[in-house]
Amino acid sequence: MPGSLHTWYSFSWLDMLAERQSVLSGEIELKRLARLRDMLHADDGSVTAKLRFTKHSGAWVIVELECEATLALRCQRCLEPMLHAVEARVELGLVESASMAARLPEGYEPVVLERERLMPAQLIEDELIVSLPLMPKHARPEECGGLVSQRSEASTKAAWTLDCAPPGKH
Ligand SMILES: [Zn+2]
């Protein structure tokens with residue numbers, strides 16, 4: 001069944017997609033994702049995504065979401081652009097209220113639907129936002145741009161101290 005990632009789906013529609021084990025897939029330009037766009041160094045490129053709907057125990061609407069994108073972030077050590085590859089796969093349980101979320105079977109991340117509807121593009125955008133590192137940095141200091149070498153030794157030391165912070169969630 002064809003469907004768009006930019007359509008609002010009601011809960012009963014989502015339930016039907018799950019009954020039919022439907023798959024929605026497509027590509028979204030990053031510049032169309034307003035919340036994510038604000039966090040990027042540049043908004044060219046796109047995200048490809050696939051949503052596979054299934055039922056759990058005949059009752060719960062489950063979405064297996066896969067998305068893949070390369071995001072341009074700003075390195076916090078050298079302030080120059082860096083690329084952050086995202087390849088995410090999550091299993092989400094769509095629920096109509098927080099009390100239902102508490103009863104969701106283990107292993108699924110609950111998504112409480114706002115006004116009992118869902119736009120897949122928003123779900124994909126949320127997933128990309130969650131994937132962003134708290135402190136984007138080039139993997140190795142040698143990859144950092146020329147700005148670092150112009151800094152005083154003291155500020156370079158400060159930048160190095162940040163390396164001790166726990167790695168961001170991927
Ligand atoms: Zn850097």
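The values are calculated or read from the model by the stated rules, or taken from the named source; none is laboratory data. Owing to the predicted nature of the structure, the values given are computational and were not obtained by experimental measurement. Heads up, the Cβs are rebuilt from the backbone with ideal geometry, glycines too, and the neighbour counts pull from every protein chain shown. Just so you know, the surface numbers come from the protein's heavy atoms only, side chains and all, with ligands and any DNA or RNA stripped out. Shrake-Rupley method; radii C 1.70, N 1.55, O 1.52, S 1.80 Å.
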Note on the stretch 9-164, DSSP bridge orientation, antiparallel percent to nearest 5 equals 90
The answer for trypsin sites (Lys or Arg not before Pro) in the stretch 48-143 that fall in a DSSP coil and have at most 12 neighbouring Cβ atoms within 10 Å is Arg115
accessible surface per residue for the stretch 9-164, probe 1.4 Å, DNA/RNA/ligands not counted, whole Å² -> 57
Here Rg/Rh (Cα, Kirkwood) for the stretch 1-108 equals 1.06
Among chymotrypsin sites (Phe, Trp or Tyr not before Pro) in the stretch 2-38, those in a DSSP loop whose Cβ has at most 14 other Cβ atoms within 10 Å are Trp8
